[in-house]
Amino acid sequence: MAPIELLSRSGGSMRSAMLRAGLARNLTRPATTSSSTRRNLSSTTSLPPTYERLFNKYTEVRRVLGAQRLTLAEKILYSHLHNVEDSLLTNTNNGRDVRGKANLQLNPDRVNMQDASAQMALLQFMSCNLDRPAIPASIHCDHLIVGAKGAESDLEAGIETNKEVFDFLESAARRYGMDFWPPGAGIIHQTVLENYALPGLMMLGTDSHSPNAGGLTTITIGVGGADAVEALVGAPWELKAPKILGVELTGELNGWVSPKDVILRLAGELTVRGGTGSIIEYFGPGVDTLSLTGMATICNMGAEVGATTSIFPYTAASARYLEATRRSQAVQNIQALEAFPSRTTSEDAHFRFRADEGAEYDQVIKINLSELEPHLNGPFTPDLATPLSHFKSTHAALQPRYLGARVVLTKSFARIHETNLKKQGVVPLTFANEADYDKINAGDEVSTVGLYKMLQNGGKGEVKLVVKKASGEEVEIATKHAVTNDQAGFILAGSALNLLSKGV
C-alpha cells in the first residue's frame, strides 16, 4: 500500500496522516526484490524474508518435536520462539506437555499501539536510547476520540482536546520510524487487519480486540504498554504456553444468521472466563463458507470469553481479501511457502496454514452453522446468550406483570415509561420525599397501605409504604402517584388490553 497523506481537520500540526517506516513491506514486496534482501532457498523457489524466517523456525520446531501433531496456532506460535529447544523442552516432559507448562520466549513480527497506551510505551522506549525499534511498529489514534455528537464534531473535539498528545505521538513516530495513523484514520484493529495482518505473522497489539487479525490467520495478542516496549527493544516476549480450544464448524450459515452469532453462541457455552489461558482455533468444513471479515469478527470477540487470541485457517476467502486490500503479492508468497521446499518432501516438512491431520485439542466444541440461529447476548454480560427462538420467553422483562410486579417505586419516571407501566397493569409510585430512597435496603420487606382502596376509588387516595427491617423495625414512607380513573381500571383488570378486549 502506497503512503497516504491526509491533512488534519483542525489545521494544526497533525499534517501527515501516516508516516511510513518502510519496515513492514517484507511480505508484499514484488518478486523482483533484490538478492540482498531475499535469499533463494532452492533453485526454483524463493521466499520473502519474513516467510524465510518462519519456515526456518518451523523446521527447527519439527526437529525438536518430531512427528508430534500440531494445531495451526502451535505452528505459528512455536515458529516465533526465540530459542526453540529452551522453550519447548524445559519442564515439558521432553516436549510432550508444552501446553500450560512451557514458558515461551517469543519474537513477534510487529507491534501495534493505540494512542492511550502508546504514550507511556514510547516514553519508556525513548529511555532505552535506541535509534529505531527492533521490529516494525505503528501508532493508531482512535481511543482518545470520544463518540458524542457525530463523526465530524467528535473528531474535531478530540483533536482539540488531545492536540498535545497527538503531536507527541506523531513526532515520536517520525523520529523512530514508526507508522502513524492520525485521528480519523480508522479503528486500530480494523486498520491492522486491512494493512498489516498476514497469514503466519505474530503481532502484539495494545488493544483487547487485537485478535481481530486472527481472521487472516495471524496470531495477534492483546498486551499492555510494558509488553509492547519489550518487543520494541528486541527483548523476547514471554507467554505461558496456552492451551488450544478447538471449535469445529460444520454446515453453512443461513437466513438471518451472521458470523457474529458463532461467537455469541460460543460465549454462552464458555462464559466470560471459559477461554482464559487458551487460544481458540476454528476448523472444519464450515470454515470455508465464511467470509474473511466474518472470521475476523468472530476472532475479535474472542476477547469476551477471555481467550489469549483466536485464529482461523487460510481459505479462499482469505486470498480474496488480500487481493481486495491490494496485497496480491502476499497470496503468491503464501503459495510459495506452502509449496516449499518441494512437493516431493514429506508432509511435515511443509508449512501449511491449517492444523496437522490428527492434531489434538484440549477441548472441542462443535457448532453446526446450518442449525445456528440469531443470538441476543446480554444484558450486563456477553455470555448471557439467548437464541432468537427462545427470546419470546423474555417477554416478561417487557411485561413486568408477568414477573409478578404490582408496583414500581422510583425517584422519578419518564412520561412514556410511566404510561406504559399503567397500561401493563402496574402502579408507578414515586417518593413524596426523595431522601426516603435511602431508607430502603436490600433484604427489607415492603408492603403497601391504601393501594387497593385508591384503585377502587378511581385513583383517588394516598398510598403509603411500610418497610420492615431485618431488626424488626418498621419505617413508613409516603408516596405519590398520578393514576387517573381510566388508568385505575386498566390496573385492576391486569392491563389495558385485558379491559379493551372485553369491549369496555
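Charge dipole (Cα centre; +1 on Lys/Arg Cβ, -1 on Asp/Glu Cβ; no other charges) of the chain amounts to roughly 600 debye.
Values [x] 25.1, 87; [y] 25.6, 97; [z] 29.7, 98 are given for comparison; Rg and Dmax of the Cα atoms in Å, derived from the coordinates here, is the one labelled [z]. Each label was represented as a point 7 Å from its Cα along the Cα-to-Cβ direction; for LYS460 and GLU338 these points are 8.3 nm apart.
Extension gain for the segment ARG320 to LYS469, taken as residue separation times 0.36 nm less the Cα-Cα distance, is 47.0 nm to one decimal.
Return the Rg/Rh ratio of the stretch 239-284 with Cα-based radii and a Kirkwood Rh.
Radius of gyration over Kirkwood radius for the stretch 239-284 works out to 1.03.
Note on LYS163: lysines with a C-alpha under 29 Å away, same-chain residues under 8 apart excluded, are LYS149. When both bridge partners sit in the chain, DSSP labels roughly 40% of those beta bridges antiparallel. Taking the stretch 451-486 and a reference point 7 angstrom along Cα→Cβ of ASP444, the backbone N atoms nearer than 15 Å belong to 464-480. Projected label points at ARG96 and THR59, each 7 Å from Cα along the beta carbon direction, are separated by 2.9 nanometres.
The simple spin-label model puts a point 7 Å past each Cα toward its Cβ; for ALA432 and GLU357 those points are separated by 8.3 nm.
When Lys and Arg each count +1 and Asp and Glu each count -1, what net charge do the other residues less than 13 Å away from GLU304, Cβ to Cβ, add up to?
On the way: positive: LYS260, ARG265, ARG273; negative: GLU269, ASP383.
Its environment carries a net charge of +1.
Cross-link pairs exceeding 18 Å between alpha carbons, from the set LYS422/LYS469; LYS75/LYS240; LYS411/LYS464; LYS411/LYS453; LYS423/LYS502; LYS240/LYS260: LYS422/LYS469; LYS411/LYS453; LYS240/LYS260.
None of the figures in this text is laboratory data; all of them are computed from the coordinates on show. Quick caveat, the model's predicted, so the values are computed rather than measured. Quick reminder, even Gly has a Cβ in these numbers, built from the backbone with ideal geometry, and neighbours come from all protein chains shown.
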